[in-house]
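Derivation of every value follows stated rules applied to the coordinates shown; laboratory data play no part. These numbers come from a predicted model, not from an experiment. Every residue, glycine among them, receives a Cβ derived from its backbone with ideal geometry; neighbour counts consider all protein chains shown.
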Amino acid sequence: MSEKLNRLITDLGERSTYDAASQCSRCGYCEQACPTYVATGQESKSGRGRNQLVRLMLEGKLKDPSEAGEALSTCLLCGACSTACYAHVPTADIVLEGRRMLRGKSPWLAKMLTVLLGRAPALLSVLLKIAYLLKRAGLSVLARPALRIMGLRGLAEADLHVDELPLRFLYEELRQRPNAENPAWLYFAPCGPNYLYPRVGLATVNVLGNTLGSGRFMDNNCCGLLSYNYGDIEDARVLAKKNIARAEALPGESAPLVGDCSSCVAHLKNYPQLFLDDAAWKERAEKFSRRVRDAVEIINKSEIAGPKPEGVITYHESCRACHGQGLRASKEGLTRLCGGSFQPLEEAEVCCGGAGAFSFTHPELSDEVLRRKIGAIASTRASIVLTSSTSCLIQLAHGLKKYYPECQVLHLSEFAVEILSQNGAKTRA
Ligand code: SF4
Ligand code: SF4
């Protein structure tokens, strides 16, 4: 059985997982906020249902704990239920604890990725480049049936969803750039921008340079979210410790640590939860997480203002920004940035169904959630939808191509840097 956290940070303070799950009074107020409940109408696929299942598992009252497997594995971990809940019951963290109870060893694919990300990123880069070259040559299509037969349906779906195939990764570019001795900011490169969307990371660095002054690249490790969600807690701790030590060793003691994938940023802010039984590391994690900022926060506060572009621009809130960090792109900021072309999105805070690897592991349910999101985007007649996390970028690009190709998805940083360059600011690709 993989290790659990056993204690969680809740609105009422630190609690055992059992006490956290028991904070749920079963009022059902969160039901309509839960995308999987709305899509299926099944109680076991709601926040309330999932909290009760984990509680029963902890009480040893579930005759066959594997009965909970389907309910827990289909949770998007979006956190919308916690936002809707008056007690802010941390359902996503409770669900993860339930999954850890059910799981034997960490799945080999997650384990392999975690090991590569944490201990051999250079080897991971080589393997990814080989995979990208195969996909560019059209050979990955041939591999999909074999992957499905081998039980690696998630990999086959990932190949279907992911179109961006950079052969020069973000860290390779940023290592070539000069670093400020006295940085006003430190850029944390999440794996999404690093290995899939270097254009996003480069845009964020440009925005930071233009709004805060000169800074530096952290040359960080993976944040550890993959291990936290799918692998071993101990691996997540190892990665968190490396990043904390890295930030402590760099100049700019009080400079903000800025990341541009809201999922990773939410996890960085959540580092203290990994060390509730280790006072020294908990203190270091708290100091680290207080410095962490989402690129959305920087752009929200900036004065970047654009001329009115053609067409409508709308905004999808990443779950891990709005529910995970309590952070929303401000309407005034978006209106200023989009030059008055901004049109708010209905249900902007509802998950798009991406949710990390969810769209690869549960393609049918994910597509059901996605169709509702694309329908809302289409009803604004937008030609551009902005967002702030890698998973949303992949999922929305896939959904727009399929259901509403008149629209494209961009990261907020990419749009901001476009406005900066239109305004004559010095930007660098
Ligand atoms: S998680 Fe919160 S809102 Fe949902 S049923 Fe429990 S107490 Fe009610
Ligand atoms: S985290 Fe999202 S999918 Fe999971 S129970 Fe809560 S609202 Fe539903």
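For region 341-352, in order, what is each residue's ³J(HN,Hα) by Karplus, 6.51 cos²θ - 1.76 cosθ + 1.60 with θ = phi - 60°, in whole Hz (x at glycine and Pro)?
8, 6, 10, x, 9, 4, 6, 4, 8, 8, 3, 8
Per residue, what volume in Å³ does the convex hull of the Cα atoms of region 337-429 enclose?
Roughly 100 Å³ of hull volume per residue.
Need one number: % antiparallel among DSSP beta bridges in the chain, to the nearest 5. Please list the in-between numbers first.
Numbers: 4 of 21 bridges.
If I count the DSSP bridges inside the chain, around 20 percent turn out antiparallel.
Find how many whole Å separate the alpha carbon centroid of region 341-358 from the alpha carbon centroid of region 253-301.
After rounding, the separation between the Cα centres reads 23 Å.
Expressed as a whole number of Å, what is the distance separating the alpha-carbon centroids of region 1-63 and region 167-207?
38 Å
On the Cα set of region 153-273, report Rg and Dmax in Å, please.
In Å, with Rg to one decimal and Dmax whole: 15.0, 47.
Return the Cα extents of region 7-102 along principal axes one, two and three, sorted largest first, each rounded to a whole Å.
32, 28, 19
Mind listing the long-range amide H neighbours of residue 342? Cut-off is under 5 Å, sequence gap 5 or more, other chains count too, H placed in the peptide plane at 1.01 Å from N.
For residue 342, the qualifying residues are 313.
When the Kirkwood radius is taken over all Cα pairs of the chain, what Stokes-Einstein diffusion coefficient follows at 20 °C and 1.002 mPa s, in µm²/s?
On the way: Rh = 22.1 Å.
Reported coefficient: 97 µm²/s.
What list of ³J(HN,Hα) couplings, whole Hz, do you get for region 193-208 from phi and the Karplus terms 6.51, -1.76, 1.60, once you set θ to phi - 60° and write x for glycine and proline?
Karplus values, whole Hz, x for Gly and Pro: x, 4, 9, 10, 10, x, 4, 5, x, 5, 5, 4, 4, 4, 4, 4.
Please work through the chain and write down the cysteines that have no neighbouring cysteine Cβ at a distance under 4.7 Å.
So far as the 4.7 Å Cβ criterion goes, 24, 27, 34, 75, 85, 191, 222, 322, 338, 352, 392, 407 stand without a partner in the chain.
Report the label-to-label distance for residue 242 and residue 290 in nanometres (one decimal), using points 7 Å from each Cα along the Cα→Cβ vector.
2.7 nm
Place the peptides 327-334, 3-10, 389-396 in order of packing, highest mean first, counting for every residue the other Cβ atoms within 10 Å and averaging per peptide.
389-396, 327-334, 3-10
Spin-label point model (7 Å from Cα, Cβ direction): what's the residue 253 to residue 26 distance in nm?
5.3 nm
Applying a 10 Å radius around every beta-carbon, put 270-279, 195-204, 23-32, 351-360 in order of their mean neighbour count, most first. Intermediate values should be presented prior to the final figure.
Values: 270-279: 17.8, 195-204: 24.3, 23-32: 15.4, 351-360: 26.1.
Output ranking for 270-279, 195-204, 23-32, 351-360: 351-360, 195-204, 270-279, 23-32.
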